[in-house]
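Colleague: The structure follows.
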Amino acid sequence: MRGMKKVATGFVPVIAVSRKAPKPLQRQIYDAYRTAIIRRSLRGGQQIPSTRSLASELGISRIPVLNAYAQLLAEGYFESRAGAGTFVSTALPDRHGSGASELQQSREMSSGPRLISRRAAALRSYAPQPWIYTRGAFSLGQVAFDHFPLRVWSNLVARHSRIIHPSAFLYSDPRGTRDFRETIATYLRTARGVNCEADQIIVVSGSQQAIDISARALLDPGSQVWLEEPGYRLTSDVLSLAGCQLIPVPVDDEGLNVAEGIRLCDSARAAYVTPSHQLPLGATMSASRRLQLLDWAQLSGAWIIEDDYDSEYRYGNMPIASLQGLDHNSRVIYIGTFSKTLFPSLRLGYMVLPPDLVERFLTVRRAMDIYPPYLHQAVLTDFIRQGHFSRHVRRARRIYMERRSKLVDALRKQFGPELPILGAEAGMHLVVMLPKECRDVELAKKAAAEKLWLWPLSLSYLSKNVRQGLILGFGSVTDAEIPSAVRRLKALIETM
Ligand SMILES: Cc1ncc(COP(=O)(O)O)c(C=O)c1O
């Protein structure tokens with residue numbers, strides 16, 4: 001049976017009693033608990049307030065409460081544990097539960113039209129596929145948590161929890177703390193060649209929120225937006241929700257094909273790009289394409305949303321500065337995240353805006369979630385200022401480089417030199433192309449049954465003209481695991 005764990009929450013159930021009612025108080029309390037348990041508002045294992053505290057909450061004497069509890073205990077609705085208190089019985093049969101959910105379903109069926117927005121209805125289903133939210137070979141979006149400087153991090157979290165200033169308990173600047181924004185600005189000017197001051201920065205809960213705010217602030221229902229094809233599907237979801245018309249523009253080994261974008265839709269309102277490391281195919285946008293894109297944006301009055309999600313991890317060649325740094329016309333909204341450099345559950349990222357857009361973006365942000373949580377901004381400010389961030393990124397880069405080399409070597413060994421491997425120069429994933437007849441989704445489902453996590457490339461396409469391949473993450477796979485995981489991959493492909 002589920003819900004067997006004893007849970008002591010201290011919550012007081014909603015029990016209304018009235019001295020004027022004909023029913024005695026003891027009976028009212030008994031009935032209220034019994035109904036709540038049958039309806040499953042109270043569940044097995046959940047703690048019940050002591051008789052003293054319930055009597056005090058209800059403003060009545062303890063006697064009727066004691067009597068009601070005694071009856072509920074005698075009938076098996078409650079159980080008591082010496083020294084721990086009184087709990088809803090874990091021994092009650094589950095049929096109470098299924099009855100309640102049937103009741104709920106029948107209420108929904110008989111309650112008339114249940115309209116939801118067309119945009120929500122049209123969005124692709126969230127139903128999680130087996131290769132999402134997994135760990136190990138070759139799960140995507142995973143960092144090397146085994147090398148994270150946990151002690152330094154937890155010391156800073158503990159310190160900032162202890163010394164928290166009263167102002168940190170209050171609502172504050174929708175941009176995020178000044179200290180944090182100053183720190184991010186220094187980092188971006190230095191390491192990413194971004195032109196920015198702290199006042200242009202908004203701290204967000206990850207790139208996803210940055211894209212959402214951008215869509216709400218810049219785009220209207222029906223606005224046409226260029227998206228890389230194949231590309232990052234969570235961006236197309238946000239833009240679809242905003243009612244935009246998505247224009248898939250092909251990418252090649254120089255990144256988004258700007259000429260093709262102009263041919264398809266010259267008048268698009270915006271373009272979303274990942275120029276440092278195209279997701280998923282991995283190209284770095286060439287200098288000439290960058291200039292072409294900026295020229296088009298300037299001439300047509302379009303916005304460019306630059307998602308610089310994993311540029312800290314480059315292996316073979318020199319780091320590549322941001323597209324925003326080349327922009328002399330304030331056309332670029334620059335977005336970055338700590339999901340790759342630190343860890344995704346932190347939910348912290350930032351956006352850098354053209355100065356004239358800041359006020360509108362802030363107004364939109366305030367309407368969404370008001371402002372970002374305080375604690376991790378303070379922690380991260382110190383983490384960066386004390387040098388831990390750059391030390392960690394340097395170390396992580398070395399680890400990912402080793403994992404990447406091991407993975408490429410193992411792939412070459414198993415599949416030979418002809419296997420097309422794309423995007424291995426940067427980031428924490430690479431792509432292997434599959435022969436057309438090998439269906440990547442089918443392969444990924446088969447692999448998931450054996451706990452091998454493969455992300456089908458075909459799902460990254462908006463149009464029907466898809467290529468079959470696998471996006472393999474190597475962020476959280478140890479060197480030792482890689483050769484055997486690749487051998488398993490080979491064996492699976494041979495069964496297809
Ligand atoms: C293209 C791209 N942008 C952004 C992110 C990170 O998103 P977030 O910052 O919301 O965690 C990812 C994560 O995989 C990504 O692939």
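The values are calculated or read from the model by the stated rules, or taken from the named source; none is laboratory data. Note that the structure is a prediction, hence the values are computed from the model and not measured. Here the Cβ positions follow ideal geometry from the backbone for every residue, glycine too, while neighbour counts run over all protein chains shown.
Colleague: Return the residue satisfying two criteria in turn: it lies in segment 295-319 and is under 25 Å from residue 343 (Cβ atoms) and of a type in the set (Asp, Glu), and of such residues it is farthest from the ligand (Cβ to nearest atom). It would help to see each step written out before you state the result.
Modeller: We begin by selecting, within segment 295-319, every residue under 25 Å from residue 343 (Cβ atoms); these are 305-315, 319.
After this cut, where a residue has to be of a type in the set (Asp, Glu) as well, the list is 306-308, 310, 312.
Details: 306: 11, 307: 5, 308: 9, 310: 7, 312: 13 Å.
Selected residue: 312.
Colleague: Any residue at all in segment 336-359 that's hydroxyl-bearing (Ser, Thr, Tyr) and away from the ligand (no atom under 14 Å from the Cβ)?
Modeller: no
Colleague: Still on this structure, I have one more. Identify, by number, the condition in (1) buried (at least 19 other Cβ atoms within 10 Å of the Cβ); (2) within 16 Å of the ligand (Cβ to nearest atom) that residue 241 doesn't meet.
Modeller: Here residue 241 clears every test but (1).
Colleague: Looking only at residues that are within 29 Å of residue 471 (Cβ to Cβ) and among the β-branched types (Val, Ile, Thr) in segment 110-156, which one is farthest from the ligand (Cβ to nearest atom)?
Modeller: Per the stated criteria, the residue is 134.
Colleague: Kindly provide the set of residues from segment 112-136 that are closer than 21 Å to residue 343 by Cα and under 16 Å from the mean Cα position of the chain (by Cα), ordered by number.
Modeller: Looking only at segment 112-136, we keep the residues that are closer than 21 Å to residue 343 by Cα, and these are 128, 131-136.
Result: 128, 131, 132, 133, 134, 135.
Colleague: Has segment 58-79 got at least one residue that is closer than 23 Å to residue 93 by Cα and in contact with a Leu (Cβ under 6 Å, 6 or more places away or on another chain)? Break it down stepwise before answering.
Modeller: Looking only at segment 58-79, we keep the residues that are closer than 23 Å to residue 93 by Cα, and these are 68-79.
So of that shortlist, the ones also in contact with a Leu (Cβ under 6 Å, 6 or more places away or on another chain) come out as 78.
Yes; the residues of segment 58-79 include at least one that is closer than 23 Å to residue 93 by Cα and in contact with a Leu (Cβ under 6 Å, 6 or more places away or on another chain).
Colleague: Here's a follow-up. With respect to residue 333, determine if the residue is within 11 Å of the ligand (Cβ to nearest atom) and outside any loop (DSSP other than H, G, I, E, B). Walk me through how you get there before you give the answer.
Modeller: On the way: within 11 Å of the ligand (Cβ to nearest atom): no; outside any loop (DSSP other than H, G, I, E, B): yes.
Judged against the criteria, residue 333 is not a match.
Colleague: Considering only residues that are within 12 Å of the ligand (Cβ to nearest atom), more than 20 Å from residue 327 (Cβ to Cβ) and outside any strand (DSSP E or B), which ones fall in segment 183-234?
Modeller: If the condition is that a residue be within 12 Å of the ligand (Cβ to nearest atom), more than 20 Å from residue 327 (Cβ to Cβ) and outside any strand (DSSP E or B), then 205, 206, 208, 209, 212, 230, 231, 232, 233, 234 are the ones that fit.
Colleague: If you don't mind, there's one more thing I want to ask. Counting residues that are under 22 Å from residue 136 (Cβ atoms), at pLDDT 95 or above and of a type in the set (Phe, Trp, Tyr), which helices (runs of 4 or more DSSP H) fully inside segment 356-451 reach at least 2?
Modeller: On the way: elements: 358-368, 375-385, 388-415, 440-449.
In segment 356-451, the matching helices (runs of 4 or more DSSP H) lie at 388-415.
Colleague: Hey, another quick one. Identify, please: which residue in segment 251-292 is among the β-branched types (Val, Ile, Thr) and surrounded by fewer than 24 Cβ atoms within 10 Å (Cβ to Cβ) and is, among those, nearest to residue 221 (Cα to Cα)? First the steps, then the outcome.
Modeller: If we filter segment 251-292 for residues that are among the β-branched types (Val, Ile, Thr), which is where we start, we get 251, 258, 262, 273-274, 284.
When the remaining residues are screened for being surrounded by fewer than 24 Cβ atoms within 10 Å (Cβ to Cβ), the result is 262, 284.
Values: 262: 21, 284: 31 Å.
Ranking the candidates gives 262 first.
Colleague: Hey, another quick one. Given the options 378, 396, name the one that is among the aliphatic types (A, V, I, L, M) and away from the ligand (no atom under 16 Å from the Cβ). Steps first, please.
Modeller: On the way: 396 fails: away from the ligand (no atom under 16 Å from the Cβ).
When all the criteria are applied, what remains is 378.
Colleague: If residue 248 satisfies all but one of (1) within 16 Å of the ligand (Cβ to nearest atom); (2) surrounded by 23 or more Cβ atoms within 10 Å (Cβ to Cβ), what's the number of the condition it fails?
Modeller: Of everything listed in (1) within 16 Å of the ligand (Cβ to nearest atom); (2) surrounded by 23 or more Cβ atoms within 10 Å (Cβ to Cβ), residue 248 misses just condition (2).
Colleague: Does any residue of segment 334-355 turn out to be modelled with pLDDT under 95 and within 30 Å of residue 160 (Cβ to Cβ)?
Modeller: As a first pass, look at segment 334-355 and keep what is modelled with pLDDT under 95: none.
The answer is no, given that none of the residues of segment 334-355 is modelled with pLDDT under 95 and within 30 Å of residue 160 (Cβ to Cβ).
Colleague: Also, quick follow-up: Quick test for you: out of 140, 227, 234, pick the one residue that is buried (at least 18 other Cβ atoms within 10 Å of the Cβ), of a type outside the set (D, E, K, R) and in contact with a helix residue (DSSP H, G or I) (Cβ under 9 Å, 6 or more places away or on another chain). Show your work before the answer.
Modeller: Values: 140 fails: in contact with a helix residue (DSSP H, G or I) (Cβ under 9 Å, 6 or more places away or on another chain); 234 fails: buried (at least 18 other Cβ atoms within 10 Å of the Cβ).
Checking each option against the conditions leaves just 227.
Colleague: Do any residues in segment 199-224 that are free of Cβ contacts under 8 Å to residues at least 40 places away in the same chain have Cβ atoms under 7 Å from those of residues that are more than 8 Å from the ligand (Cβ to nearest atom) and part of a strand (DSSP E or B), where the two are at least six apart or on different chains, and which pairs are they?
Modeller: Here the result reads 222/245, each pair linking segment 199-224 to a residue that is more than 8 Å from the ligand (Cβ to nearest atom) and part of a strand (DSSP E or B).
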